[in-house]
Structures are given as structure tokens and as C-alpha cells.
1. Do any strands (runs of 3 or more DSSP E) entirely within the range 53-121 hold 2 or more residues that are of a type in the set (K, R), and if so, which?
2. In this structure, does Q92 turn out to be in contact with a strand residue (DSSP E or B) (Cβ under 9 Å, 6 or more places away or on another chain) and either crowded, with 17+ Cβ neighbours inside 10 Å or in contact (Cβ under 8 Å) with a residue 24 or more places away in the chain (or both)?
3. Looking at (1) farther than 30 Å from D134 by Cβ; (2) surrounded by 14 or more Cβ atoms within 10 Å (Cβ to Cβ), which one does F36 not meet, given that it meets all the others?
4. Kindly establish whether Y76 is touching a strand residue (DSSP E or B) at 6+ places or on another chain (Cβ under 9 Å), surrounded by 13 or more Cβ atoms within 10 Å (Cβ to Cβ) and free of Cβ contacts under 8 Å to residues at least 60 places away in the same chain.
5. Is it the case that the range 40-49 has a residue that's part of a strand (DSSP E or B) and over 18 Å from F115 (Cβ atoms)?
Amino acid sequence: MKKLMIAFLALLSFSLFAGEITLYNKPVYETRDFSFNGLEFAINKDLGRAWVVIKLVELGDGPVAYDERVKIEGLYYNGRTQEVLLDVDGTQIVCAKVRFNFFGTHIKNTGRCTFQTKYYSKEVDNGYEIEKVDMVKLLLKY
């Protein structure tokens, strides 16, 4: 019983520190011309900067891939440890490990920072009536 209580308290304290950062939050109708093709970290090793890349595919006359960068407060690249870190109130979370080789830069997510796509509906007053709008939100959870 004592071990179960300790495990419960540890789980509870872990969830108190969990958080999320919104990367993208728009109505679904604004996404009809493209599809999401993934989320990943990217870095500038010379400047010690890191950001999230939203990979998109435009669905017009032919599929065209492009990336949208999202800067996140507190996200940076540490060249000494070769890690992408997220500073949350002075606590550093290792989001990804970076490796360089002959083929280029490889950034591997550690699982401490995960990406999530969330669909939901909200009521919006358009000036004439209240309408229900389907939304899509991309999140970085830590």
C-alpha cells in the first residue's frame, strides 16, 4: 500500500510539471488547401538556436511541399552537449539529441517533448449569429 501511494504521488507530481505550447491553432476550413506532413525540430548550430518545423504539402494543381518555422520561447540548441533544450522556468528539458555525420544533421526526439494534433469545436460570434467552428491545434507537449 505504501509503494502504491508513493507511485501515485510521483505520478501526480510529474503531471503537475507537464505543459504544452501551441504551435498552430486555426479553423479547419483554413487548412483545406494543404495537409500536415509532420513536425520536427531544426537548429542553427552556429547561433545556438532551435525551432519547430511544421511540414506542409499544398494540395493545389500538384502537391508542393514547404516548411513553416515556429519559434518557441525557451527552445535552444546547446552545441557542447549537442541537445535541443526547452527551458521552462529554469528547468531544462532535453527535447532532442543532435548528431552530425557525413550525410548531414540528424535530430532525434527524446520523447520528453512530443507533438500532438488536436481537433475540437468552438463557438464563434460572427456578428450575426453564433456558429460552431471546427478547429485544428498543433501542440508541443513537455
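Every number in this text was worked out from the coordinates using simple rules, so none of it is lab data. All values reported here derive from a predicted model rather than from experimental measurement. Note: ideal-geometry Cβ built from the backbone for every residue, glycine included; neighbour counts use all protein chains shown.
1. Values: elements: 64-70, 75-78, 83-88, 91-101, 104-109.
Where strands (runs of 3 or more DSSP E) fall fully within the range 53-121 and carry at least 2 residues being of a type in the set (K, R), they are 91-101.
2. Working: in contact with a strand residue (DSSP E or B) (Cβ under 9 Å, 6 or more places away or on another chain): yes; either crowded, with 17+ Cβ neighbours inside 10 Å or in contact (Cβ under 8 Å) with a residue 24 or more places away in the chain (or both): no.
Answer is no for this residue.
3. Status for F36: all satisfied but (1).
4. Numbers: touching a strand residue (DSSP E or B) at 6+ places or on another chain (Cβ under 9 Å): yes; surrounded by 13 or more Cβ atoms within 10 Å (Cβ to Cβ): yes; free of Cβ contacts under 8 Å to residues at least 60 places away in the same chain: yes.
Against the criterion (touching a strand residue (DSSP E or B) at 6+ places or on another chain (Cβ under 9 Å), surrounded by 13 or more Cβ atoms within 10 Å (Cβ to Cβ) and free of Cβ contacts under 8 Å to residues at least 60 places away in the same chain), Y76 qualifies.
5. Applying the first criterion (part of a strand (DSSP E or B)) to the range 40-49 yields 40-44, 49.
Subsequent filtering for residues that are over 18 Å from F115 (Cβ atoms) retains 44, 49.
Yes: the range 40-49 contains one or more residues that are part of a strand (DSSP E or B) and over 18 Å from F115 (Cβ atoms).
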